[in-house]
Structures are given as C-alpha cells and as structure tokens.
1. Taking K and R as +1 and D and E as -1, what net charge do the other residues with C-beta under 14 Å from the C-beta of A:Gly153 add up to?
2. Which of A:Leu105, A:Leu64, A:Leu135 ends up with the largest GNM mean-square fluctuation for chain A, with Cα atoms connected below 10 Å?
3. Just the Cα atoms of the stretch B:4-163: what Rg and Dmax do they give in Å?
4. Whose Cβ in chain B comes nearest the axis that rotates B onto A, and by how many Å?
5. Can you work out the Karplus-derived ³J(HN,Hα) for every residue in the stretch B:109-121? Use 6.51 cos²θ - 1.76 cosθ + 1.60 with θ = phi - 60°, whole Hz, and x for glycine or proline.
6. Which whole-Hz ³J(HN,Hα) couplings does the stretch B:43-50 yield from phi under the Karplus relation 6.51 cos²θ - 1.76 cosθ + 1.60, θ = phi - 60°, glycine and proline marked x?
7. So which chymotrypsin sites (Phe, Trp or Tyr not before Pro) in the stretch A:14-75 are both in a DSSP loop and have at most 13 other Cβ atoms within 10 Å of their Cβ?
8. Across peptide A:114-124, what mean number of C-beta atoms from other chains lies inside 10 Å of a residue's C-beta?
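Coordinate-derived values only; no laboratory data. Model, not experiment: these values are computed from the prediction. Positions of Cβ are backbone-derived with ideal geometry, glycine not excepted, and every protein chain shown enters the neighbour counts.
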Number of protein chains: 2
Amino acid sequence: MAVLIREATAADWPAIWPFLRAIVEAGETYTYPRDLEESVARDMWMLPAPSRTVVAVDEAGTVLGSAKMNPNHMGGSSHIASASFMVDPQYGGRGVGRALGEHVLAWARAEGYRAMQFNAVVETNTVAVALWKSLGFQIMTTLPEGFQHPIKGYVGLHIMYRQL
Amino acid sequence: MAVLIREATAADWPAIWPFLRAIVEAGETYTYPRDLEESVARDMWMLPAPSRTVVAVDEAGTVLGSAKMNPNHMGGSSHIASASFMVDPQYGGRGVGRALGEHVLAWARAEGYRAMQFNAVVETNTVAVALWKSLGFQIMTTLPEGFQHPIKGYVGLHIMYRQL
C-alpha cells in the first residue's frame, strides 16, 4: 500500500475526526480530554501557517492518518519544533506513522528548526516509542506517574527529542 | 523585609509589566518573544480560574514579583501543574522567588495536583535552578542547545519536576 502525504484542507476534517475522536476517547495515548468536543478538536488539529497539518492517503484518496507540526516553544527556544500524529487504527501496521514521521522531520529541517521535541509520549504506547526511536528520537526523561492510563493506572510520560 | 503573597488583580498589572517586560526583553531566562506586546503579555500572565496569578508585596504594598500557576497538560496528564515566576530585579536576593515558589507548591497540593513540571528552565539561569532544587525539584533532563541565549549562544534547557 502506497502512502502519500499531502496538505490537509478543511474538506479533510470529516475524514480525520472519526479516528481522532476514537483515539482521544480511548484515553490511552494522548493528553487530550477524553470528551474533547469536535470544534475544539478541529481548532487544535487543523493549524494555520506557519504551523501545518497533513494527511496520509492511499492511492484511492482514503485518509489513513494525519499529523500536525508546530513550534514547541517561543522566543529563545523557537528553534524546537513539535508534532502530533493520529493513524486510523484500521490502517495501523502499514507504515503510515513512519511515513508521517519522516515527512514531519523533513518539514522541520526545511523550515530551519534545529530540533524536534515530543512533550508527552505515554510509555505504554510502545509502538509509538519504538517508531520514534527508529527515527532517531531519544527518550530524554520519563516523568514518573506522569500519565493516568484508564486501564493501567499511573504510568510514565516520556519526553522525546532529536536534533536535526 | 517581609514578603506577602496575595491574589493578583487587574489593578496590579501596571506594577508587574515594567519588570516583566525588562526580563522578557533581556531574553536570557524566558522562552517568550523578546518583543512581546503588552496586551499579549497581560493575557499570558493574568490567568483566569482555575489557573491563578499572585503577586509578592512588601508591607507597604509594593509589588516585588509575581507568579502564575496553571495545568501543564490536559487529559490523562492534567494532574501535572506548571508555574512561572518574575521577580523585579531591584528586589532580587531577598527571598521573593522562594516565597513565590513555596506558595505555588502549596497551591498545587491544595488543588490536588500530583506533580509540578517546569518545561523550560535555561541552564545558565543558575539562581533559578538552585532555588528550584532547594524546593525539591530535580533536573529530569537538559535539552542540548535547547535555548538561544543572546550572549552565550545555544545553551541547554532544563526540564524540572517534582512530585507532590
């Protein structure tokens, strides 16, 4: 399955929202309120320039996942980018997350960022942790009991980082 | 010099803005844009409930410093608080930062937070780093070249944390 990455437009939101909502409602991987309202979610995910949101699509145009990318800090740390990723669970395990991750790193380099920092990677989200490690990120620290998992209770919250 | 901590009101802003602006313009300790506009600064600093902003004052009512406190994350990590501190440089070295820090930790405990995380402590801000350590915070990691200091160039950016 080929995975193509393109700019997200407002017309993509109805395709993104169902799987984004399911992932957020599950509450196992993202530090968003589990009852996130659609309008709030859209504003948080569909970012205006100079931030950016993309979708991963297959040859038929089906949306498989999405990523947003933005500055992580302001001022003297505005050279550090951040990014967030949502992959439709029915298309998991097919390289969609990796394609989005590689795209986001290339974007950050092209925009002149010097590093990318993920502020909150739940340690039990082992698929994501392994993917980011394979893309050159390091676990800089793990905040003890930093995340309340709905099934596993308090677990660690990784901060991951890579210089570009 | 006695240092009293009380709620900040809109009437305190004109006393806070001059030293906050000077600290931000210097660009050595905070990840804010150095040319921060007053209206943006006020919205960032004077936080509505459930976040909170306080001022430190002396017996005559002179504002010596200010702190704001707020959730650091949402959802499954909403039990982690954050806080920011500004002390008027002309009143430095008199325990104002410590009084604000102790107040903020007591607030976070009373509000039911389980930890406090500082996202961006510039490693060359050694007075602040020593103060937070003395209040029980640990340097969890230092993002290499995470902050561009106007004089010292790229320096590390600490993430500090303490459980409550």
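1. Value of the local net charge: -1.
2. For chain A, modelled as a Gaussian network with Cα springs under 10 Å, the answer is A:Leu135.
3. Cα only, the stretch B:4-163: 15.1, 44 Å (Rg, Dmax).
4. In residue-and-Å form, the answer is B:Thr141, 2.
5. 4, 5, 7, x, 5, 9, 6, 10, 10, 9, 7, 7, 10
6. Karplus-based 3J(HN,Hα) across the stretch B:43-50 equals 5, 6, 9, 8, 8, x, 4, x Hz.
7. none
8. Rounded to a whole number, the mean comes out at 3.
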